[in-house]
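Input: a single structure, listed below in structure tokens.
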Amino acid sequence: MNRMKRQIAPYLLVLPGGLWLLIFFAVPMVTMLSLSLQEGDIVSGYRFTGHWQNYSDALSNYQTQLVRSLVYGVIATVVLIVLSFPVAYWIAFYGGKRKSTYLFLILLPFFVSFVLRTISWRQILTDEGPLLQPLKEMGLLPAEFHILGTSFAVIAGLAYNFLPFMVLPVYVALERIDPRVIEAARDLYASPATSFRKVILPLALPGVFAGVLMVFVPASSDYVNSAVLGSSETTMIGQVIQARFLQTSDLPTASALSFTLMAVLLIGVFAYARALGTEDVMKVAAR
Amino acid sequence: MTAPTLEQPTPAEPAPAAKPRRRLTGGGLLRTYTWLIIAWLALPILVMIMFGFNDTKGRYNQTWNGFSLKWYGRLFELDDLTKALVASLLVAAASTVISGALGTGIGYALGRYSFRGSGAMNLVMFAAIASPELVMGSSLLSLFVSLNLGLGAVTVTIAHVMFSISFVAIVVRARVMTLDRSVEEAAADLGATPWVTFWKVTFPIILPAVFSGMLLAFALSIDDFIVTNFTAGTTETFPLFIWGATRVGIPPQVNVWGTLIFGVGVLFAVVSTIRSRQGKRD
């Protein structure tokens, strides 16, 4: 009796939450997949017709935005690796007793709403704003110089909003490195550069990998930054999907686009994982 | 960083012994760099706080017109904003409680038992965390539309519970895995039934993890924009109100509320860190 109880216990514990995830995470994906193959409109209803044309339409109409989103995502991710590594390195090896204070300062943006801090950037970067206005008055910048509406503004916004997601995992990986390993490398006559390249960098790689996952996926599917800081020249696929779903209620095309985006991101992540070696991926996934 | 100043001889002395260590100079450069990054991170927050003190005439809050506290006195003047804040709090509270309970169940089961299907559970949780919010939000909208379910605070709460469960489960799982089983065995040796052992011994030990999981769920819910945008219909939460106001101009009250939320969040984090440090010292 007792033994049977013990066997059932984990299932009873998992059941409510598992069902919730099944119904509201897994089932919606299937609904959306089915919707992406349907025809019709919101008034007369949709019918499943195996309409693959939704996908080819979506791709041919919005290829530019899709490619742009991926390019922005890749650039923001690469920029963040370069920007974040030194920060994580310094906090991990030089932070001393204040490590958690520095990490807290890195996390400060999370205490302000995502939308609000992006709007705050618009206030700073606008043409009459505190940054550009004085520079233009001094004649350091031509009057027609803009930051808002450019790809630079959107990518900078993405980098700003997702920086903590890169610093944290890299920091965790670096923090775990036993200092004696680095000392051993130095004792064996490795130069600081060599010990960095041969010891620290490989050990930090799983952290960088986790950071890339945490940054690339949300950055390339974001629509807040491009809507607030960009222009019609910088429209990202997220904006298209959001408008198709919420404004024009063109559900089949919107679903097809959303699915395409997920497929592309999944393929990208898996290709990246393979290139890096599956062992690292499992380590990251198991965390 | 204070220790080297004690060791360093005064600059006037030609001290051959005080050869500067290369690692420290490199550290100094990195230190400046890190502070620059922190300044970059803090800049828009400072601007947000500053414009809450702006003496503007109306909603238009783009240029600096001098210092004023008047918006702090007019916090509840905009009904839509107040409603949105209340909705945000209600949704966050409900989703924290529900995802706290469901996530704790999963986390406890995964940390304590090895059972068939645990791998699949881990995979689903990983997928729910790694999936783009845009895809989760749009697929939930597809489901709600197909079911003819009216969108509102309930659908938003359903969505928030969905993406919070995994985070709670992971935090709780980590605590359960490192739990010292001998404490439970001791309780059993002293004649406690499994039921009593769980509530008197095990549960109090994992409670801090449950709380931090729920805190995470609350933070995720109150700041969520993308999934909420898809599942809210005409209901507005605080981030949705800000989003809707971007076209007509953000009222200064938003800056004030943003500042207050920031202040409370930071205070909460600092106090809980200090308390947990004191707890460890005791």
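Values in this text are rule-based calculations from the coordinates and carry no lab data. In this text the structure is predicted, and so the values were computed from the model without any measurement. Quick reminder, even Gly has a Cβ in these numbers, built from the backbone with ideal geometry, and neighbours come from all protein chains shown.
What's the exposure ranking of B:Ile222, A:Ile237, going from fewest to most Cβ atoms within 10 Å?
Listed from fewest to most nearby Cβ atoms, that is B:Ile222, A:Ile237.
Net charge within 13 Å of B:Thr82 by Cβ-Cβ distance, Lys/Arg positive one each and Asp/Glu negative one each, not counting B:Thr82 itself?
Result for the local shell: -2.
Just rank A:Tyr11, A:Tyr94, fewest to most, by other beta-carbon atoms within 10 angstrom.
A:Tyr11, A:Tyr94
Over chain A, one equal point on each Cα, no solvent: what is log10 I(q)/I(0) by the Debye formula at q = 0.10, 0.12, 0.13, 0.14 Å⁻¹?
Calculated log10 I(q)/I(0) at the listed q: -0.75, -0.99, -1.09, -1.17.
Please list the non-local residues whose amide H lies under 5 Å from the amide H of A:Tyr46, H modeled 1.01 Å from N, same-chain partners needing a gap of 5 or more.
Residues meeting the criterion, in which the H sits 1.01 Å from N, do not exist here.
For A:His146, A:His51, what ranking results if the residue with the fewest other Cβ atoms within 10 Å of its Cβ goes first?
A:His146, A:His51
With θ set to phi - 60° and the Karplus curve 6.51 cos²θ - 1.76 cosθ + 1.60, what are the ³J(HN,Hα) couplings of segment B:29-36 in order, to the nearest whole Hz, using x for Gly and Pro?
After applying 6.51 cos²θ - 1.76 cosθ + 1.60, I find 5, 5, 5, 4, 4, 4, 5, 5 Hz.
Considering all alpha-carbon pairs of chain B, what whole percent are spaced by more than 28 angstrom?
58
Just tell me the longest site-free run in chain A, where the sites are GluC sites (Glu not before Pro) in a DSSP loop having at most 12 other beta-carbon atoms within 10 Å.
Longest site-free region, per DSSP loop and neighbour criteria: A:145-287.
Can you compute 3J(HN,Hα) from phi for each residue in segment A:178-183, using the Karplus curve 6.51 cos²θ - 1.76 cosθ + 1.60 with θ = phi - 60°, rounded to whole Hz and x for Gly and Pro?
In residue order, the calculated couplings are 6, x, 5, 5, 5, 4 Hz.
Please express the shape of segment B:236-282 as an equivalent ellipsoid: the semi-axes are the square roots of 5 times the eigenvalues of the C-alpha gyration tensor, given largest first in whole angstrom.
They are 35, 9, 5 Å, listed from largest to smallest.
With all distinct Cα pairs included, what does the Kirkwood hydrodynamic radius of the protein assembly as shown come out to in Å, to one decimal, could you say?
26.2
Looking only at other chains, what is the average number of their beta-carbon atoms within 10 angstrom of each beta-carbon in A:246-255?
Counting Cβ atoms of other protein chains within 10 Å of each residue's Cβ and averaging gives 2.
Please give me, ordered by residue number, the trypsin sites (Lys or Arg not before Pro) of segment A:113-179 that lie in loop per DSSP and have at most 13 other Cβ atoms within 10 Å.
A:Arg176
In whole angstrom, how long is each semi-axis of the equivalent ellipsoid of segment B:79-239, when you take the square root of 5 times every eigenvalue of its Cα gyration tensor and sort them from largest down?
In descending order, the three semi-axes are 35, 18, 12 Å.
Could you give the distance between the Cα centres of segment A:141-187 and segment B:141-183, to the whole Å?
30
Could you run the Karplus curve 6.51 cos²θ - 1.76 cosθ + 1.60 with θ = phi - 60° over segment B:208-215 and give me ³J(HN,Hα) per residue in whole Hz, x for Gly and Pro?
x, 5, 4, 5, 5, x, 5, 4
Take peptide A:83-96, look around each residue's Cβ out to 10 angstrom, count Cβ atoms belonging to other protein chains, and average those counts.
So the per-residue partner count for this stretch is 4.
Just checking the output field for B:34-46: average partner chain Cβ neighbours within 10 Å of each residue's Cβ?
6
Evaluate the charge dipole of segment A:54-286 about its Cα centre and quote only its size in Debye, nearest 20, assuming +1 on the Cβ of each Lys and Arg and -1 on the Cβ of each Asp and Glu.
720
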